[in-house]
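I have a structure here, written as structure tokens, and I will follow up with some questions on it.
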Amino acid sequence: MLFRSRRTKSRKIDSFSALSVGDYVVHDIHGIGVYQGIEKMTLGEVTRDMMVIAYKGEDKLYLPVEQMDSVQAYIGTGGERKPRINTLGRPDWEKTKAKAKKAVEDMADELIALYAKRRSQPGFAFGRDTAWQQDFESRFEYEETDDQLRCVDEIKKDMEKPVPMDRLLCGDVGYGKTEVALRAAFKAVMENKQVAVLVPTTILAQQHYNTMTERFAHFPIGVQVISRFKSAGEQRLILKDLAAGRVDIIVGTHRLLSKDVTFKDLGLLIIDEEQRFGVKAKEKLKSFRENVDVLTLSATPIPRTLHMSMTGVRDMSVIAEPPTGRRPVQTYVMRDNAMVIGDAIARELNRGGQVFFVHNRIKDIRETADRVARMAPGAKIVVAHGRMSGETLEKIMVAFLNKEYDVLVTTAIVESGMDVKNANTMIIDNG
């Protein structure tokens with residue numbers, strides 16, 4: 001239902017230049033309408049700029065621009081679904097807000113009960129680090145940052161407590177969250193506990209599996225991945241081994257939350273970008289949190305998660321220190337300029353890299369790809385968006401990951417799960 005995501009699916013407007021005629025907006029009192037631009041109106045001897053918002057029927061709201069902080073840009077839930085326009089003077093918007101408020105209060109009560117239950121229940125207290133743990137960590141090929149080491153220490157101390165851990169690990173992309181998580185996973189396996197790694201996309205599951213296979217290669221640790229890349233027969237065999245305890249670490253998407261997935265002795269659940277999962281998945285995750293150590297990784301935690309951490313409901317570790325030698329991201333905001341874009345793509349390709357070109361409108365993404373091709377002659381270009389079948393999308397993503405293409409022209413779907421170390425340039429087309 002629309003009201004459930006109202007707060008997290010809108011943003012305050014800093015200036016009316018951020019809006020285009022026809023955009024959906026949300027007024028604090030009157031609800032959802034359609035922005036129709038700015039008009040000058042003379043009232044008496046005073047001429048003022050008025051923001052015009054159309055509502056259901058022929059109703060229009062004329063709002064002085066100095067009051068535009070009462071209006072938010074409506075973003076919605078993605079796709080082509082249009083929001084329902086409200087009617088001026090009707091109580092439907094107030095009812096919607098009341099329902100949303102009740103839902104938030106119910107969720108808060110549920111979360112408080114859940115975390116109180118976690119604190120009152122005994123969990124498994126892991127022992128101190130083994131010699132193998134020290135050997136495993138010493139094989140990391142990069143120098144850890146102080147933040148990484150501090151976060152590892154915080155997580156291990158939580159795992160060694162006799163209550164279930166629920167810790168949020170925050171850090172920018174490339175700051176080393178995965179290595180911190182791997183050290184926690186290794187610690188769990190050393191106590192004969194199983195580890196589940198839950199990720200939002202099949203591509204990311206495969207990438208995590210490849211990383212773990214490489215990092216755990218010198219140790220007798222069984223790692224498996226369950227995804228659409230596996231046949232039905234392969235999945236049945238993996239799940240049989242998991243239930244028997246022959247799989248120490250399993251990586252997968254929401255498939256891991258299916259009823260046919262059972263563990264012999266699950267000790268640690270690692271969740272990568274929990275906000276990417278749907279309501280049903282989150283309901284299932286609540287049952288895990290009652291008696292299993294949980295480590296959540298996120299580069300962009302949602303406000304609710306951050307608030308829970310700040311108020312002590314959840315513990316939080318932060319990696320704010322970039323790895324040694326990492327250069328700061330350079331961001332340029334400018335008008336569409338074919339020469340500049342072509343030069344940026346050429347520079348990236350000349351060094352052997354790849355480029356993300358983000359264009360968040362499916363209806364003309366093919367035309368955009370043709371335009372990119374003209375700006376970057378000779379570049380191998382591929383298009384990806386959310387209306388493609390899962391199988392087609394995965395093949396494209398894997399091909400790009402394997403450097404078969406130079407430029408990926410895509411919608412914002414790319415943000416939900418692919419780590420391409422070779423792509424250091426992203427061009428975002430607001431169109």
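The values are calculated or read from the model by the stated rules, or taken from the named source; none is laboratory data. Since this is a predicted model, take the numbers as computed values, not measurements. In this analysis, Cβ positions are derived from the backbone assuming ideal geometry, glycine residues included, and neighbour counts consider all displayed protein chains. What goes into the accessible areas is simple: the full protein's heavy atoms, side chains included, and nothing from ligands, DNA or RNA. Shrake-Rupley method; radii C 1.70, N 1.55, O 1.52, S 1.80 Å.
Restricting attention to segment 124-132, does a residue exist that is polar (S, T, N, Q), assigned to a loop (DSSP other than H, G, I, E, B) and in contact with a Ser or Thr (Cβ under 8 Å, 6 or more places away or on another chain)? Walk me through it before giving the result.
Step one: filter segment 124-132 for residues polar (S, T, N, Q), giving 130.
Going one step further and asking which of them are assigned to a loop (DSSP other than H, G, I, E, B), we end up with 130.
Next, from what is left, pick out any that are in contact with a Ser or Thr (Cβ under 8 Å, 6 or more places away or on another chain): none.
No - not one qualifying residue is present in segment 124-132.
Yes or no: segment 156-170 includes at least one residue that is closer than 18 Å to residue 134 by Cβ, in contact with a strand residue (DSSP E or B) (Cβ under 7 Å, 6 or more places away or on another chain) and open to solvent by 10 Å² or more (accessible area, probe 1.4 Å).
Scanning segment 156-170 turns up no residue that is closer than 18 Å to residue 134 by Cβ, in contact with a strand residue (DSSP E or B) (Cβ under 7 Å, 6 or more places away or on another chain) and open to solvent by 10 Å² or more (accessible area, probe 1.4 Å).
Something else: With respect to residue 124, determine if the residue is more than 27 Å from residue 40 (Cα to Cα), buried (at least 18 other Cβ atoms within 10 Å of the Cβ), among the aromatic types (Phe, Trp, Tyr) and at pLDDT 80 or above.
When the stated conditions are applied, residue 124 passes them.
Could you list all residues from segment 399-414 that are buried (at least 18 other Cβ atoms within 10 Å of the Cβ) and either of a type outside the set (A, V, I, L, M, F, W, C) or part of a strand (DSSP E or B) (or both)?
The answer is 405, 406, 407, 408, 409, 410, 411.
For segment 380-398, enumerate the residues that are within 12 Å of residue 414 (Cα to Cα) and outside any loop (DSSP other than H, G, I, E, B).
383, 384, 393, 394, 396, 397, listed by residue number.
Please work out which residue is modelled with the lowest pLDDT, limiting yourself to segment 297-319 and to residues that are within 29 Å of residue 429 (Cα to Cα) and open to solvent by 70 Å² or more (accessible area, probe 1.4 Å).
Filtering segment 297-319 for residues that are within 29 Å of residue 429 (Cα to Cα) and open to solvent by 70 Å² or more (accessible area, probe 1.4 Å), the one modelled with the lowest pLDDT comes out as 303.
Please verify whether residue 283 is modelled with pLDDT under 90 and either within 21 Å of residue 162 (Cα to Cα) or surrounded by 14 or more Cβ atoms within 10 Å (Cβ to Cβ) (or both), treating the condition exactly as stated.
Here the answer is no, as residue 283 does not meet what is asked.
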